[in-house]
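Step one of this worksheet: look at the structure below.
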Amino acid sequence: METIAATEASNRFGRLLDLALQEPVTIEKKGRKVAVILSVEEYNRMENTIEGLQDQRLRESIADMDAGKVMPASEGFASLKQRYK
């Protein structure tokens, strides 16, 4: 991942956009990383990956509930109250 200074990003915005089409670009301001610029395609890919993982976790949670592996919330809260009295 390439890193460029905020001043350069501002002064050469077209170059920044070209770089972001190829790979994410980190923007630094006063030596501190403050932002990452990436292409729409990369953003959409990341968003789809996250949604897929969330869907998978939801399916796993439903399967656990169906199998009786999940404690009802009321029991969980009661258990926590007992533990932290």
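What the table below lists for this structure:
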{"quantity": "Sequence-distant residues sharing a close amide H with Val36 (under 5 Å, placed H)", "calculated": "Ile27"}
{"quantity": "Check: the chain dipole with +1 on Lys, Arg Cβ and -1 on Asp, Glu Cβ, in debye", "calculated": "680 debye"}
{"quantity": "Selection from Gln54, Gln82, Gly14 lying farthest towards where the dipole of the chain points positive, charges on Cβ", "calculated": "Gln82"}
{"quantity": "Segment Val40-Leu80, extension gain: residue separation times 0.36 nm, minus the distance between their alpha carbons", "calculated": "10.0 nm"}
{"quantity": "Computed label-point distance, nm, for sites Glu23 and Asp64 using a 7 Å Cα→Cβ extension", "calculated": "3.7 nm"}
{"quantity": "Loop-located trypsin sites (Lys or Arg not before Pro) in region 1-66, at most 14 other Cβ atoms within 10 Å (DSSP)", "calculated": "Arg12, Lys30"}
{"quantity": "Nearest-20 debye value, region 1-47 charge dipole, Cβ charges on Lys, Arg, Asp, Glu", "calculated": "340 debye"}
{"quantity": "Phe13-Leu53 FRET efficiency (beta carbon distance; Förster radius 25 Å; 0.05 resolution)", "calculated": "0.15"}
{"quantity": "Interchain or long-range residues, amide H under 5 Å from Ala5's placed H", "calculated": "Glu28"}
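Every number here is computed from the coordinates shown, using simple stated rules; none is lab data. This is a predicted model, so every value here is computed, not measured. Positions of Cβ are generated from backbone atoms using ideal geometry, with glycine treated the same way; all protein chains shown enter the neighbour counts.
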